[in-house]
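Here the structure is laid out as structure tokens; the discussion comes afterwards.
The values are calculated or read from the model by the stated rules, or taken from the named source; none is laboratory data. Predicted, not measured: the structure shown is a model, and the values here were computed from it. Quick reminder, even Gly has a Cβ in these numbers, built from the backbone with ideal geometry, and neighbours come from all protein chains shown.
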Amino acid sequence: MTRQALTATLAMLLLLGLAACGFHLRDALLLPPDLGPIRLVARNPDSALALALGQALERAGATMAADDATDVATLNLVGERWGNTPISVDQFGRAQEFTLRYAAIFSLRRADGSDLVPQQAIELSRDYISVPTRSEGTDDEREILSREMRRDMVASILRRIDAVSRMSQAQGVGPAAPAGAEAAGLDSAGSESATTAPVEPPATAPTVETPATAEPEPAPVPAP
């Protein structure tokens with residue numbers, strides 16, 4: 001048996017074992033049934049994020065509308081921004097550790113113009129080490145990290161849409177979720193909001209009356 005065949009066999013056995021243990025891959029992206037085709041609008045339609053997001057939506061089962069389509073749902077990719085901030089230096093004062101930040105702003109509107117996902121921002125950050133004497137290796141590492149963060153951004157946007165869609169269908173209506181919905185407990189599997197149980201007022205302790213203590217009578221004063 002060749003090495004490739006052995007690897008494929010082991011992978012198949014692993015998947016079968018996970019299925020037998022009750023593990024299942026995550027469900028596909030859930031969209032409202034009345035949403036219809038989606039038109040992706042971006043400031044730069046040829047940007048890596050816009051192209052990756054369109055491909056991810058198609059793989060998830062969404063119907064993509066033409067760029068000039070009207071009266072369709074619109075996923076608006078307002079913009080994206082990168083930032084690189086040094087967070088530590090070496091003994092010579094040269095920056096050697098950085099934080100790479102990536103932010104994107106988007107919104108999703110239905111065909112009637114109402115918000116399904118209101119405009120909101122997602123920000124990702126990753127730390128990496130840059131050796132001052134190995135600038136070429138640092139550039140390659142930063143490029144790999146940028147591609148990974150771009151994939152994570154696509155997944156984060158899809159999770160927001162999926163979470164809001166599941167919450168809307170569970171409620172039987174289509175309200176727009178608040179901008180911080182995912183941070184408040186919406187995960188990739190659906191909506192999960194923390195509920196606060198009503199706090200009952202503490203029972204009032206019964207009042208214990210203390211019996212009055214009789215004061216001793218004063219001693220008689222002797223006559224002079």
- request: From S107, S125, S130, S165, grab the single residue that is buried (at least 16 other Cβ atoms within 10 Å of the Cβ) and touching a Ser or Thr at 6+ places or on another chain (Cβ under 6 Å).
  value: S130
message: Between a residue in the range 33-62 that is closer than 12 Å to N76 by Cβ and any residue that is assigned to a helix (DSSP H, G or I), which pairs come within a Cβ distance under 7 Å, given they are 6 or more apart or on different chains?
response: I38/L57; L40/A50; L40/L53; L40/G54; A42/A50; L53/V154; L53/I157
Of the criteria (1) surrounded by 16 or more Cβ atoms within 10 Å (Cβ to Cβ); (2) at pLDDT 95 or above; (3) of a type outside the set (G, A, S), which one R160 fails: (2)
task: For residues that are of a type in the set (S, T, Y) and modelled with pLDDT under 90, tally how many sit in the range 51-100.
output: 2
